[in-house]
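Visitor: Structure in structure tokens, see below.
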Amino acid sequence: MSIKKICVVVTARPSYSRIKTALTAIKNHPALELQLVIAGSALLGRYGNAVEFIEKDGFTIAEKVFMVLEGENPTSMAKTTGLGVMELANVFYRLQPDAVITIADRFETIATSIAASYQNIPLIHIQGGEVTGNIDEKVRHANTKLADLHLVASEDAKQRVIKMGENPDMVFNTGCPSIDLADEIKNNPTLDFDPIQKYGGVGVEIDWKQGYIVVMQHPVTTEYASARKDVEETLKAVYELDMPTFWFWPNVDAGSDGTSSGIRAFREIHKPQNIHFFKNMEPNDFLKLLVNSKCLIGNSSVGIRECAYLGVPVVNIGTRQNKRQRASNVIDTVYDKNEIIKAIQNRMDAKDIASENIYGDGQSGDRIADILANTELSFHKTIMY
């Protein structure tokens, strides 16, 4: 039996948690060989240096691709993607994989898809078929049309990919591998570490043991000019609530400089005594922090996916997760201090938020590896009408 070489490209810190259990399953499968490529902001310290956690988890990295251009605006995003196509094309030429996996919807992922497709390498897309309403949705659907095999995270997403003209025989609802991690935490939810002692971060030593909230707010690429103003509303709300808060740094999207400068300026002026800031955490530690929190605030997809499975209350602000299928744990609001405060209080007062498994059952990683091993992969597809 020939062994299939599966090249997985991880371009950002959230992508690692989205694929970690599948990486393990591919690595351990007798019919598969994992070729792991780390690229983009996953290599950069200012965005959490996810590569350190990946290496700590025991994965061998085949290639590192430095491709992020400074600017955090639409032009730098476009140029970063172009540079990614050139660099990843060389990586795939050297590695000669039997298939390439691109993950979800971040802007850099289209570079992976183009570099593989143009070299006639079968492309596998993880988490296609979802909707959000910004540039991520365009990228996700473009990845879907370039991909030959689709491993989606929900039944809703599966039906949408099929409606886009993809062969139903090549569309599998595997669930999201991040739910596998959430399942581990659900069965062992104890917060068995001190976040500040373990990860350092920036800010005062908050008294978090009697209860805390978590904030993760990213810029919206189609609204990048308002990123600073948007985050200031959330900062004012959290400051006024005066609850112990763990706040995580934004990702590399257009507008992140506005989000970051807004945070820094607010910190300098107000010197909040209730907020501690982090760049990143190991995926399992981050989920332990979430499941023990009173609420997650911001616009991260972790609130839509993992928090639904864990039953964590979520305040989703703005349009970044627009139209994405959500569970009853989420309440939506706008960038307005008073509305954000009202929504946070609503979520913290909510009783018995139930776990819902829209995005998987905790077995996605093994399911993905088995599909890869047993599916005939081809770079040529016929669109179904």
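The values are calculated or read from the model by the stated rules, or taken from the named source; none is laboratory data. Model, not experiment: these values are computed from the prediction. Cβ coordinates were reconstructed from backbone atoms using ideal geometry, including for glycine residues, and neighbour counts include every protein chain displayed.
Visitor: Restricting attention to segment 34-55, does a residue exist that is among the polar types (S, T, N, Q) and within 25 Å of Ser301 (Cα to Cα)?
Guide: So far as segment 34-55 goes, yes, one or more of its residues are among the polar types (S, T, N, Q) and within 25 Å of Ser301 (Cα to Cα).
Visitor: Hey, another quick one. Quick one: count up the residues across segment 252-280 that are surrounded by fewer than 24 Cβ atoms within 10 Å (Cβ to Cβ), touching a strand residue (DSSP E or B) at 6+ places or on another chain (Cβ under 8 Å) and in contact (Cβ under 8 Å) with a residue 40 or more places away in the chain.
Guide: 8
Visitor: Note down all Cβ pairs under 6 Å where the first residue falls in segment 214-241 and is within 19 Å of Pro313 (Cβ to Cβ), the second is at pLDDT 95 or above and of a type in the set (D, E, K, R), and they're at least six residues apart or on different chains.
Guide: Ala237/Lys337
Visitor: Continuing with this model, one more query. If we keep just the residues of segment 300-323 that are surrounded by 24 or more Cβ atoms within 10 Å (Cβ to Cβ) and among the small types (Gly, Ala, Ser), which is farthest from Thr234 (Cα to Cα)?
Guide: Among residues in segment 300-323 that are surrounded by 24 or more Cβ atoms within 10 Å (Cβ to Cβ) and among the small types (Gly, Ala, Ser), the one farthest from Thr234 (Cα to Cα) is Ala308.
Visitor: From Asp242, Asp230, grab the single residue that is farther than 29 Å from Val131 by Cβ, acidic (Asp, Glu) and not assigned by TED's automatic domain parsing to the domain that holds Leu44.
Guide: Asp242 is the lone residue from the list that is farther than 29 Å from Val131 by Cβ, acidic (Asp, Glu) and not assigned by TED's automatic domain parsing to the domain that holds Leu44.
Visitor: Would you mind telling me which numbered condition in (1) crowded, with 19+ Cβ neighbours inside 10 Å; (2) of a type outside the set (Gly, Ala, Ser); (3) in contact with a Leu (Cβ under 8 Å, 6 or more places away or on another chain); (4) on the phi > 0 side of the Ramachandran plot Thr21 fails?
Guide: (4)
Visitor: Continuing with the same structure: Can you confirm whether segment 114-122 contains a residue that is among the polar types (S, T, N, Q), within 21 Å of Arg13 (Cβ to Cβ) and modelled with pLDDT of 95 or more?
Guide: First pass over segment 114-122, keeping only residues among the polar types (S, T, N, Q): 117, 119-120.
Now restrict to residues that are within 21 Å of Arg13 (Cβ to Cβ): none.
For segment 114-122, residues among the polar types (S, T, N, Q), within 21 Å of Arg13 (Cβ to Cβ) and modelled with pLDDT of 95 or more: absent.
Visitor: In addition: Here are some conditions: (1) touching a helix residue (DSSP H, G or I) at 6+ places or on another chain (Cβ under 8 Å); (2) part of a loop (DSSP other than H, G, I, E, B); (3) farther than 21 Å from Phe107 by Cβ. Gln210 meets all but one. Which one does it not meet?
Guide: Against the list (1) touching a helix residue (DSSP H, G or I) at 6+ places or on another chain (Cβ under 8 Å); (2) part of a loop (DSSP other than H, G, I, E, B); (3) farther than 21 Å from Phe107 by Cβ, Gln210 comes up short only on (1).
Visitor: Being surrounded by fewer than 24 Cβ atoms within 10 Å (Cβ to Cβ), in the same structural domain as Pro189 (by TED's automatic domain parsing) and in contact with a Gly (Cβ under 7 Å, 6 or more places away or on another chain): is that true of Lys294 here? Lay out the reasoning, then the answer.
Guide: Working: surrounded by fewer than 24 Cβ atoms within 10 Å (Cβ to Cβ): yes; in the same structural domain as Pro189 (by TED's automatic domain parsing): yes; in contact with a Gly (Cβ under 7 Å, 6 or more places away or on another chain): yes.
Spelling it out, Lys294 is indeed surrounded by fewer than 24 Cβ atoms within 10 Å (Cβ to Cβ), in the same structural domain as Pro189 (by TED's automatic domain parsing) and in contact with a Gly (Cβ under 7 Å, 6 or more places away or on another chain).
Visitor: Name, by its number, the condition in (1) surrounded by fewer than 23 Cβ atoms within 10 Å (Cβ to Cβ); (2) touching an Asp or Glu at 6+ places or on another chain (Cβ under 8 Å) that does not hold for Gly84.
Guide: The one condition Gly84 does not meet is (1).
Visitor: Hey, among the residues in segment 120-156 that are closer than 17 Å to Asn173 by Cβ, charged (D, E, K, R) and within 16 Å of the chain's Cα centre (by Cα), which one's surrounded by the fewest Cβ atoms within 10 Å (Cβ to Cβ)?
Guide: Arg140
Visitor: Here's another thing I want to ask about it. Quick test for you: out of Arg367, Arg326, Arg347, pick the one residue that is buried (at least 17 other Cβ atoms within 10 Å of the Cβ) and at pLDDT below 95. First the steps, then the outcome.
Guide: Values: Arg367 fails: at pLDDT below 95; Arg347 fails: at pLDDT below 95.
Exactly one residue qualifies, and that residue is Arg326.
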